[in-house]
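The values are calculated or read from the model by the stated rules, or taken from the named source; none is laboratory data. Here the structure is a predicted model, which is why all the values come from computation and not from measurement. We place every Cβ from the backbone using ideal geometry, glycine too, and count neighbours over all the protein chains shown.
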Amino acid sequence: MIAKKQALRERLWAITPANQTTKDNAIFANLTNLPAFKDAKSIYIFLSKEREPSTNEIIAHCFKMGKRVGVPVIDKKEMFFSEIFANTHFVIRELGIREPKTPIINNALPDIIIVPMVAYDNNKGRLGHGKGYYDKYLANKDILKVGISYTDFCVDTVYADRHDVPMDIIVTDGGIIV
């Protein structure tokens, strides 16, 4: 199973979605129109990097709407979330991921967590980057899990293992899977 997942990641990492800005705008609209998103007071969200849907506008919108925002921080092979603010300064750390320069670890659970996906399937299965950080973090937590991705990365199967946590909702540039 691991080899199949890695082969799928490698195939998909070679794809750069066309019209990313247009697709990012569609994801933003689909996500921010979800009633659960509108009602959420706190949101955990990843800081996007190359090939991932941009989360910059989503985060700015959260600040504008008065929502509390947390982003992932990796420490000793474990993922935590740090609260951020409009004036938070970031640095590049492990795995080339931006993190707050001075993390403010928040152990409270958010109303929604927005999760990155290398790929997804129509059963709301998620293929991550392979480190298992999100699956470990989400195990046995009652949080609304929303994956965001481009429709370019929908596959027949993500080869889910028992420990892989499915999403509750997947938001793409083409629509919403609930």
Please verify whether the stretch 115-138 includes one or more residues that are exposed (fewer than 13 other Cβ atoms within 10 Å of the Cβ) and either touching a helix residue (DSSP H, G or I) at 6+ places or on another chain (Cβ under 6 Å) or within 21 Å of Ser42 (Cα to Cα) (or both).
no
Looking only at the stretch 1-60, how many residues end up being over 26 Å from Val73 (Cβ atoms), among the hydroxyl-bearing types (Ser, Thr, Tyr) and in a loop (DSSP other than H, G, I, E, B)?
1
Can you go through Leu95, Leu34 and tell me which one is surrounded by 13 or more Cβ atoms within 10 Å (Cβ to Cβ) and under 17 Å from the mean Cα position of the chain (by Cα)?
Leu34
Residues of the stretch 43-63 being surrounded by fewer than 19 Cβ atoms within 10 Å (Cβ to Cβ) and either free of Cβ contacts under 8 Å to residues at least 40 places away in the same chain or over 27 Å from Thr16 (Cβ atoms) (or both), which ones?
Glu50, Arg51, Ser54, Asn56, Glu57, Ala60, His61, Phe63
Is it the case, given these coordinates, that Met65 is touching a helix residue (DSSP H, G or I) at 6+ places or on another chain (Cβ under 7 Å) and of a type in the set (A, V, I, L, M, F, W, C)?
no
What's the number of the condition Ala86 fails, among (1) exposed (fewer than 11 other Cβ atoms within 10 Å of the Cβ); (2) in a strand (DSSP E or B); (3) touching a helix residue (DSSP H, G or I) at 6+ places or on another chain (Cβ under 9 Å)?
(2)
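Residue-wise test of (1) touching a Lys or Arg at 6+ places or on another chain (Cβ under 8 Å); (2) at pLDDT below 90; (3) among the β-branched types (Val, Ile, Thr).
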site: Ile2; (1), (2), (3): no, yes, yes
site: Asn19; (1), (2), (3): no, no, no
site: Asn30; (1), (2), (3): no, no, no
site: Pro35; (1), (2), (3): no, no, no
site: Ser48; (1), (2), (3): no, no, no
site: Met79; (1), (2), (3): yes, no, no
site: Phe85; (1), (2), (3): no, no, no
Just one of the numbered conditions (1) part of a loop (DSSP other than H, G, I, E, B); (2) at negative phi is not true of Val71; which one?
(1)
